[in-house]
Amino acid sequence: MIIKNFNELATNQKKKTALAIMEAGLLAAMPDVALKKTVRKNKLVIGKNTIHLAKYERIFVIGIGKAADLMANAVNSLANVDGGIIVIQHGMRSVLKNKKYKILHAGHPVPNKQSIQAAKKIINFLKKRKQTDLIIFLISGGSSSLVSLPDGITLEDKKTITMLLLKSGATIHEINCIRKHLSKIKGGRMLEHLACDAISLVMSDVVGDDLSSIGSGLTYCDNTTFGDAKKVLQKYNLKKIVPASVIKRIDLGINKKIPETPKHPTIKNYIIATNKDCLYKMAKKAKSFGLKTKLVYPISGDVKQAAKKLVKVIPKEPKSCLIFGGEPTVKVTGRGKGGRNQELVLYLLNEIQKTRQNITVASVGTDGKDGNTDAAGAIITNTEFMPKETQSFLQNNDSYNFFKKHSGLIFTGSTHTNLMDVGIILRQ
């Protein structure tokens with residue numbers, strides 16, 4: 001069971017049903033589900049494309065992201081791999097125990113010195129490969145922070161701009177646009193050091209599954225410009241508060257004093273798993289309970305607006321549910337504790353109260369960590385609290401303490417995967 005406190009949360013049949021549907025979605029997010037379809041004995045099969053591994057003398061894996069160790073573990077069990085480098089976030093215990101892999105831990109969501117060290121070790125590893133080798137890149141959510149090599153700015157400046165962007169309400173596409181233009185490795189630049197054939201297998205943690213945005217396009221390329229980066233800073237009123245080195249570098253790029261990021265991929269990148277995989281499994285599970293099911297994807301943009309849109313499409317029939325996925329954003333103005341899933345559930349409750357419907361709501365991050373908390377998300381039925389109780393918690397971005405008070409926090413611990421967020425609105 002991925003939801004560790006399933007039994008404690010399942011205090012009634014509605015919650016038990018909702019949690020069972022959520023569990024199905026989390027199980028579908030596990031990397032081995034997709035990799036067993038892709039990696040077969042001595043070959044990689046992706047759609048109509050087949051890559052025969054036997055023609056290479058050695059096979060190496062470079063895994064980066066929240067799912068890196070679990071992805072590498074699956075590939076290692078399905079193919080003859082000679083070794084590699086795996087980068088996961090601090091605090092995660094690697095499930096990959098094989099000594100032929102070097103396991104590195106680095107900062108997330110803000111890069112640190114270990115992120116720079118990881119980037120340099122990967123570059124050195126790439127340079128030492130022979131033409132007869134093959135590298136299988138395994139990319140998943142969190143990669144942008146875990147490997148970092150700032151260009152034209154210091155690590156401290158990189159930390160500052162990252163924290164400002166994360167609190168601004170910017171989308172992941174916008175955040176990664178900036179990241180790519182302040183980096184020596186993102187937007188495909190890491191591949192400048194590649195000395196052999198390579199392929200990249202990607203688990204998507206961004207709305208729209210844009211390869212240039214997933215992991216900031218480490219193994220792909222970039223479809224944004226320095227001009228786009230400047231527009232993001234202007235849009236969120238960050239231009240006057242970001243480090244001067246950031247503005248200087250972006251202006252150098254706009255004035256063509258430094259080169260743009262690569263605009264064409266140099267290796268094949270394949271998306272092997274997306275948020276929709278989770279939603280389809282959730283829908284299947286919901287139908288097994290006899291529920292009329294509606295899917296909404298993607299949920300994105302401001303969390304408050306996302307909640308309003310979802311409430312408008314809740315099915316009106318009894319024994320029905322709305323299953324949704326994506327990744328909304330939160331503009332942090334308060335000093336409370338929370339995350340986008342907890343805040344989304346709280347905003348949904350706030351909207352549902354106006355309609356006086358008896359509904360159960362849940363949302364979780366498939367990576368197991370929601371915002372600055374130890375919870376993955378939250379679940380609650382809207383009859384369990386006073387109607388006006390949500391306001392002060394929302395104003396202070398303190399959704400965690402609201403759900404702690406009402407015993408609604410969902411705990412999974414690190415899931416070693418990341419396919420964005422999944423949720424359900426259930427009427428029975």
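The values are calculated or read from the model by the stated rules, or taken from the named source; none is laboratory data. Model, not experiment: these values are computed from the prediction. Here the Cβ positions follow ideal geometry from the backbone for every residue, glycine too, while neighbour counts run over all protein chains shown. For accessibility, only protein heavy atoms count, side chains too; no ligands or nucleic acids. Shrake-Rupley method; radii C 1.70, N 1.55, O 1.52, S 1.80 Å.
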Pairs under 6 Å by beta carbon, first residue closer than 15 Å to ILE62 by Cα and at pLDDT 95 or above in the range 202-218, partner polar (S, T, N, Q) and part of a helix (DSSP H, G or I), six or more apart or different chains? GLY215/SER143; GLY215/SER144; LEU218/SER143
For LEU211, indicate whether it is closer than 30 Å to PRO31 by Cα, open to solvent by less than 10 Å² (accessible area, probe 1.4 Å), in contact with a helix residue (DSSP H, G or I) (Cβ under 7 Å, 6 or more places away or on another chain) and among the aliphatic types (A, V, I, L, M). no
So, in the range 266-298, how many residues would count as being acidic (Asp, Glu) and touching an Asp or Glu at 6+ places or on another chain (Cβ under 9 Å)? 0
Given VAL33, VAL95, VAL45, which one is among the β-branched types (Val, Ile, Thr) and either in contact with a Gly (Cβ under 7 Å, 6 or more places away or on another chain) or closer than 30 Å to SER320 by Cβ (or both)? VAL33
When you look at ILE122, is it outside any helix (DSSP H, G or I), crowded, with 23+ Cβ neighbours inside 10 Å and of a type in the set (A, V, I, L, M, F, W, C), yes or no? no
Run down GLN353, GLN357, GLN342 and say which single residue is of a type outside the set (Asp, Glu) and within 30 Å of LEU164 (Cα to Cα). GLN342
Taking GLY371, is it open to solvent by 10 Å² or more (accessible area, probe 1.4 Å), on the phi > 0 side of the Ramachandran plot and either modelled with pLDDT of 95 or more or touching a Phe, Trp or Tyr at 6+ places or on another chain (Cβ under 6 Å) (or both)? no
Within the range 390-428, can you find the residues that are part of a strand (DSSP E or B) and among the charged types (D, E, K, R)? ASP421, ARG427
Out of GLY217, GLY253, sole residue that is crowded, with 18+ Cβ neighbours inside 10 Å, closer than 21 Å to LYS159 by Cα and within 25 Å of the chain's Cα centre (by Cα): GLY217
Restricting to the range 58-111, and then to whatever is surrounded by fewer than 17 Cβ atoms within 10 Å (Cβ to Cβ) and β-branched (Val, Ile, Thr), can you tell me which residue is nearest to the chain's Cα centre (by Cα)? VAL110
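Quick grid of which residues meet (1) closer than 25 Å to SER140 by Cβ; (2) surrounded by fewer than 24 Cβ atoms within 10 Å (Cβ to Cβ); (3) among the aliphatic types (A, V, I, L, M); (4) at pLDDT 95 or above:
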position	(1), (2), (3), (4)
THR366	yes, no, no, yes
ALA375	yes, no, yes, yes
LYS388	no, yes, no, no
GLY413	yes, yes, no, yes
THR417	yes, no, no, yes
VAL422	yes, no, yes, yes
Residues satisfying the stated conditions in the range 125-164, i.e. open to solvent by less than 10 Å² (accessible area, probe 1.4 Å), part of a loop (DSSP other than H, G, I, E, B) and not hydroxyl-bearing (Ser, Thr, Tyr): GLY141, VAL147
Hits in the range 8-36 (condition: basic (Lys, Arg) and without any contact (Cβ under 8 Å) to a residue 40 or more places away in the chain): LYS16
